[in-house]
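The values are calculated or read from the model by the stated rules, or taken from the named source; none is laboratory data. Please read all numbers here as calculations on a predicted model, not as lab measurements. Reconstructed Cβ throughout: ideal geometry from the backbone, glycine too, with neighbour counts over all protein chains shown.
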Amino acid sequence: MDKLLTSISSTLLENFENEFIIINGSKYFFQNKFTQLSEGKIDSFCFIDGGNGEIIGSGSFSLNYNKISRVFFSGTKYVNSKTESFFSLAKKTESKISFETDPEKFFAEIEENISCYDACCILRECSELTSASEVSNCSTIVLDGSFDTIEYCASFFDELKQKCLSSQTILLGVSKTSEFVSNKGRPVSFVLNELNKNNHEKWIYYSDILQDKFETCFVKLHSKSEHILRVDFLSEQKTLLNSALENLSLNCSDPVFFGYPFGLIMADDFARVSKQEVSELKAEAFVKLGKHSNLVEEAAKSSDAHSILDKAKF
């Protein structure tokens, strides 16, 4: 193991000269382009997150319980929140997956080589975007996660984008982690932290990463934060980004997670589907299935073999 640990250390100790990341075939070199963020002003925010849990699933279907939460803040002051819930069913036939929901909503079939559970997760992501499109009278909408979406969600994102641009509502996507890794095998957050050691307390790093419908930057939103956040934003709103992040930083002072918006912490809590909820819904589902419960249980066994081993004691 000693040799492997030395290899890790050597990678992290290497100099930062000519270090870059590659995204969609383009190289983005790291430079000292940090901009200090000033003290923000009180502004209105809507934080959005979603969660789902599988009630019953097999290789051919997945029944999920979903929650979509919107939390409203004015600066550091909590205003109100709304959490919507619904059930979703994904069913696979040959190469297509179709959807049914309760309450009823229309979602087109999806032609992706994925599991039915993953398809339900995609449907939940689309529902988060739809929920964001319904927000009004708010200066900034903050989504949990990046703007990276598969093709299926593209139309939902386009609708949200157009509504935000027409209503002059700033749209941000905040990610706690980033999978971007440099050509020298180091995480982006590590490289930026090292480049900006002992400098600005709160900062934004313009990466110039331009994707199909948005751009990406990296930020530190509290002087005590040990985490660098990835923030996606609309290119059309780039001139408004600094002030929006300065205002957002007022919401990032909770000791539980310095530098991360407390509104997103609350949205995550409201939208989280607990194991207890799933267990109770599963019991209720089998009662409602009645004489058909044995058939469904038999079908579900095709996907729960791992859980048997997980529970086994050796």
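Scanning region 167-209 for residues that are polar (S, T, N, Q) and under 24 Å from Ser38 (Cβ atoms) yields Gln168, Thr169, Ser175, Ser189, Asn193, Asn196, Asn198, Asn199, Ser207. Within region 8-65, the residues that satisfy the criterion of being closer than 30 Å to Lys82 by Cβ, outside any loop (DSSP other than H, G, I, E, B) and among the β-branched types (Val, Ile, Thr) are Ile48, Ile55, Ile56.
Of all the criteria given as (1) among the aliphatic types (A, V, I, L, M); (2) under 16 Å from the mean Cα position of the chain (by Cα); (3) part of a helix (DSSP H, G or I), the one not satisfied by Leu165 is (2). Within region 264-306, the residues that satisfy the criterion of being modelled with pLDDT under 70 and loosely packed, with under 10 Cβ neighbours inside 10 Å are Ala305, His306. Would you be able to say whether some residue in region 129-136 is buried (at least 20 other Cβ atoms within 10 Å of the Cβ), closer than 28 Å to Ser60 by Cα and either among the aliphatic types (A, V, I, L, M) or at pLDDT 95 or above (or both)? Looking through region 129-136, at least one residue is buried (at least 20 other Cβ atoms within 10 Å of the Cβ), closer than 28 Å to Ser60 by Cα and either among the aliphatic types (A, V, I, L, M) or at pLDDT 95 or above (or both). Taking the criterion of being touching a residue at least 12 places away in the same chain (Cβ under 8 Å) and of a type in the set (Asp, Glu), the residues of region 113-147 that qualify are Glu125, Glu128, Asp144. Among residues of region 63-81 that are over 10 Å from Asn251 (Cβ atoms), those with a beta-carbon under 6 Å from a residue that is charged (D, E, K, R) and at pLDDT 95 or above at least six positions away or on a different chain give the pairs Asn64/Glu54; Asn66/Arg124; Ile68/Glu84; Ile68/Glu128; Ser69/Asp49; Arg70/Lys82.
Among all positions in region 67-82, there is at least one residue which is more than 24 Å from Lys213 (Cβ to Cβ), of a type in the set (Phe, Trp, Tyr), touching a strand residue (DSSP E or B) at 6+ places or on another chain (Cβ under 7 Å) and assigned to a strand (DSSP E or B). When region 254-268 is limited to residues that are more than 16 Å from the chain's Cα centre (by Cα) and in a helix (DSSP H, G or I), the one that is farthest from Ile48 (Cα to Cα) turns out to be Pro255. If you go through region 51-87 and keep only what is aliphatic (A, V, I, L, M) and surrounded by fewer than 20 Cβ atoms within 10 Å (Cβ to Cβ), you end up with just Val79. Tell me whether region 195-204 contains one or more residues that are farther than 30 Å from Leu13 by Cβ, not β-branched (Val, Ile, Thr) and not in a helix (DSSP H, G or I). The answer is no, given that none of the residues of region 195-204 is farther than 30 Å from Leu13 by Cβ, not β-branched (Val, Ile, Thr) and not in a helix (DSSP H, G or I). When Val142, Val181 are checked against the criterion of being at pLDDT 95 or above, out of contact with any Gly (no Cβ under 6 Å at 6 or more places or on another chain) and hydrophobic (A, V, I, L, M, F, W, C), a single residue qualifies: Val142. Among the conditions (1) of a type in the set (D, E, K, R); (2) closer than 22 Å to Arg124 by Cα; (3) at pLDDT 90 or above, the only one that Lys238 does not satisfy is (2). Taking the numbered list (1) over 22 Å from the mean Cα position of the chain (by Cα); (2) within 14 Å of Phe29 (Cα to Cα); (3) surrounded by 14 or more Cβ atoms within 10 Å (Cβ to Cβ) in turn, Ser207 passes all entries but (1).
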